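Engineer: Here's a structure for you.
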Amino acid sequence: MRLIKKILSLIPVPAFIILCMAVPSVHAENFYIQNYEVKLEVNEKKSVKVEEEIEVYFLQPSHGIIREIPHKKASVTNIRAQEKNSVDNYGGTVEIKLGSADKTVSGTHHYHITYNFNYRDNKSEFYHNIIGPEWGVPVKKASFTLVMPKAIDPEKAGISMGGIDAAGFESGAEYSITDNIKIEGRTLRELQPGEGITFRVEVPPGYFEKYHPYAVYIAVALLSLLAIASCYIWNRYGKDDHVTPVVTFKIPSGVNAVQAELAYKGRASDKGLSALLVELANKDYVKIDNKSDSFLIEKIKPFEQVSLEQEYMNALFGNDSSVTRSQIEKSQTYYKKCRSIVASANEERKIIYDEKTIKGRLPKIMAGIISAVIFVSLFAFCDFSISTFISAETIGPVALLFLFGTPFVADEWDIGAKLSLLISGGMIVFVFFITGSSSYEYLNVFVFGIACLAISWICADNLPKRSPKGKQLMSELQGLRKFIMTAEKYELEAMAEKDPKHFYDILPYAFVLDVSDVWIKKLNKFLEGRPVKERPAYDVSRLSRFSRSMTALSRPSRLNGGIKKTSYHGSSHGGGGRVGRGGGGGGGRSW
């Protein structure tokens, strides 16, 4: 029970309301069927023209009845009724609502319905429910006439009557076969609620015309073309030229730690800011006392030049000359300014990427392809039924607006475009699930669509192509990373002799290249017991811990106001009772 409550608490209110609406109500019926006549005419395309004459007796005044026709692996078309009606298609079932909301009927009433039931299979049999077992009322009398398109073998034909899975019948009905084509029958007893009549006959191969699922062929072909188009666009415009790293201990000139992270990973992050702080310490702008977890950072001199470094120092110190961990942790502005600095750094992506691959026409085309893949996949998800697709999606028009609008609105393939497409597609799938608007007949096509979506998504994610400068930076950074990973003792000795301070200059870049632990370990081992002329303005042995702390402090938390505390007012002692246990309330469904 606790698990159920927890799951329900996670469902958004609007979604929960729709979910509740989707659950049909159960109530006793106020009518029975006096006579049920069915005429069926089967053609060579395995399509059945059905004519039903239903004589209903209403025990109480009602607006009418709802005729439900399940159609798994089939379609229902050309629906006609003499009575005023409306048609809906939910969960692989057509609902024909017969009657008028403006008036009621009582006593005996006749309903006349015709429709085509079109099978979508190539089985060598005809297997049809003449009267389905889904009726929840008794049928006093029933009769049927079924005409096949060509002669059948009477030995391979038969009817069954009774509840679900009942086989054959015993003195409850009779039928005859005329000219091996026409089957006529009638009941000799009343059909109870949940009982029906089914006819089945085995036919030779070629008896029915072969069914070709053209919608499936078209969908698979279209999905394949879209996936291929994604690969082509990426290969033509987004595939990076080969980068050859040249092993070097030199750090890239004119690039700080945040920009190095942007060049190497494609995006700057909070981790780059903590590396930038180490870089500022190496350049004697700050001093870091990180011998304990409650560290202290002091400003030695201001950064005069207008730059990212200046923005970060202003975010860190403000008008103060020093700041403690506790002060940073409780600051209501620090994490916001860090977000702004990272966003500003990411705007410089055009320095490392070919601009046309991150903004403009190409990203729009890729977003459009992904929208089309989602649309075709979802169309297969609702079994290529236009009525099912429209009826399900009209519940979520906002989702459709986002799905088809994203390619026109998004200037680049960024987190906003991705979220828009994911949320819109997810909302539509959610609507299909809660309304049961799919029988999953073509689930294999939907799965194929998901595979094509993954291909297109990966291509879009890798569309940005590095510019000549971006390619050069990547080569230098990969070379530096390789040096950090493979540096031998003699190389470290040569570096110590030439410029011992360079050991520490590499550290910020080791952090953004994700090899800081390797470099710190090599550094400590090499310098152990050696006299070093220059020591950095921080404790190297605790630098990894310090960097992780600074990265965490640049993110929203409860202490800095980025995450609001939630509160609950009330009692857990049962004073409010249990939902649904009290008197009154309730619910129901009538027509």
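The values are calculated or read from the model by the stated rules, or taken from the named source; none is laboratory data. Keep in mind that this is a model prediction, so the values were computed, not measured. Because the Cβ atoms are built from the backbone with ideal geometry, glycine has one as well, and the counts that use them run over all protein chains shown.
Engineer: Looking at Y119 and the list (1) surrounded by 14 or more Cβ atoms within 10 Å (Cβ to Cβ); (2) more than 26 Å from P205 (Cβ to Cβ), which single condition is not satisfied?
Structural biologist: Result: Y119 passes all but (2).
Engineer: A further question follows. Any residue in the range 285-299 that is in contact with a Pro (Cβ under 9 Å, 6 or more places away or on another chain), at pLDDT 90 or above and not in a helix (DSSP H, G or I)?
Structural biologist: Within the range 285-299 (the criterion being in contact with a Pro (Cβ under 9 Å, 6 or more places away or on another chain), at pLDDT 90 or above and not in a helix (DSSP H, G or I)), the answer is yes, since at least one residue qualifies.
Engineer: Quick one: A281 ticks every box in (1) in contact with a strand residue (DSSP E or B) (Cβ under 7 Å, 6 or more places away or on another chain); (2) surrounded by fewer than 21 Cβ atoms within 10 Å (Cβ to Cβ); (3) of a type in the set (G, A, S) bar one, so which box is it?
Structural biologist: For A281, the failing item is (2).
Engineer: Right, something else. Residues that are within 29 Å of R80 (Cα to Cα), basic (K, R) and touching a residue at least 24 places away in the same chain (Cβ under 8 Å), at least 2 per element: which strands (runs of 3 or more DSSP E) completely within the range 90-194 meet that?
Structural biologist: Counting at least 2 such residues, we get 182-187.
Engineer: Would you call G206 assigned to a strand (DSSP E or B) and among the small types (G, A, S)?
Structural biologist: no
Engineer: Do the conditions hold for T108, that is, is it exposed (fewer than 15 other Cβ atoms within 10 Å of the Cβ), modelled with pLDDT of 90 or more and β-branched (V, I, T)?
Structural biologist: It is true that T108 is exposed (fewer than 15 other Cβ atoms within 10 Å of the Cβ), modelled with pLDDT of 90 or more and β-branched (V, I, T).
Engineer: Working only within the range 294-327, note down all residues that are of a type in the set (A, V, I, L, M) and surrounded by 13 or more Cβ atoms within 10 Å (Cβ to Cβ).
Structural biologist: Result: L296, I297, I300, L308, M313, A315, L316, V323.
Engineer: Next question. Being hydroxyl-bearing (S, T, Y) and surrounded by 18 or more Cβ atoms within 10 Å (Cβ to Cβ) is the filter; apply it to the range 536-548 and report the residue that is farthest from the chain's Cα centre (by Cα).
Structural biologist: Selected residue: Y538.
Engineer: If E83 satisfies every condition in (1) of a type in the set (D, E); (2) farther than 29 Å from F208 by Cα; (3) surrounded by fewer than 17 Cβ atoms within 10 Å (Cβ to Cβ) but one, which is the exception?
Structural biologist: So the condition that E83 fails would be (3).
Engineer: Also, I was wondering about something else. Scan V342, V306, V323 and give me the residue that is at pLDDT below 90 and of a type in the set (V, I, T).
Structural biologist: V306
Engineer: Can you tell me which residue among I33, I66 is β-branched (V, I, T) and surrounded by fewer than 19 Cβ atoms within 10 Å (Cβ to Cβ)?
Structural biologist: On the way: I33 fails: surrounded by fewer than 19 Cβ atoms within 10 Å (Cβ to Cβ).
Residue meeting the stated conditions: I66.
Engineer: Then there's this: I need the full set of residues from the range 478-524 which are more than 23 Å from N256 (Cα to Cα) and not in a helix (DSSP H, G or I), in order please.
Structural biologist: E488
Engineer: Here is a follow-up. Just one of E53, E44, E29 is modelled with pLDDT of 75 or more, acidic (D, E) and over 26 Å from G136 (Cα atoms); which is it?
Structural biologist: Numbers: E53 fails: over 26 Å from G136 (Cα atoms); E29 fails: over 26 Å from G136 (Cα atoms).
After ruling out the rest, the residue left standing is E44.
Engineer: Right, D320: among the acidic types (D, E), outside any helix (DSSP H, G or I) and touching a residue at least 60 places away in the same chain (Cβ under 8 Å) or not? Spell out how you get there, then give the answer.
Structural biologist: Numbers: among the acidic types (D, E): yes; outside any helix (DSSP H, G or I): yes; touching a residue at least 60 places away in the same chain (Cβ under 8 Å): no.
No: the conditions fail for D320.
Engineer: Out of the range 178-188, which residues are of a type in the set (D, E, K, R) and loosely packed, with under 14 Cβ neighbours inside 10 Å?
Structural biologist: Passing the criteria: D179, K182.
Engineer: Another question, then. Please determine, by comparing only the residues of the range 511-565 that are modelled with pLDDT of 80 or more and among the aromatic types (F, W, Y), which one is farthest from A494 (Cα to Cα).
Structural biologist: Within the range 511-565, the match that is farthest from A494 (Cα to Cα) is F546.
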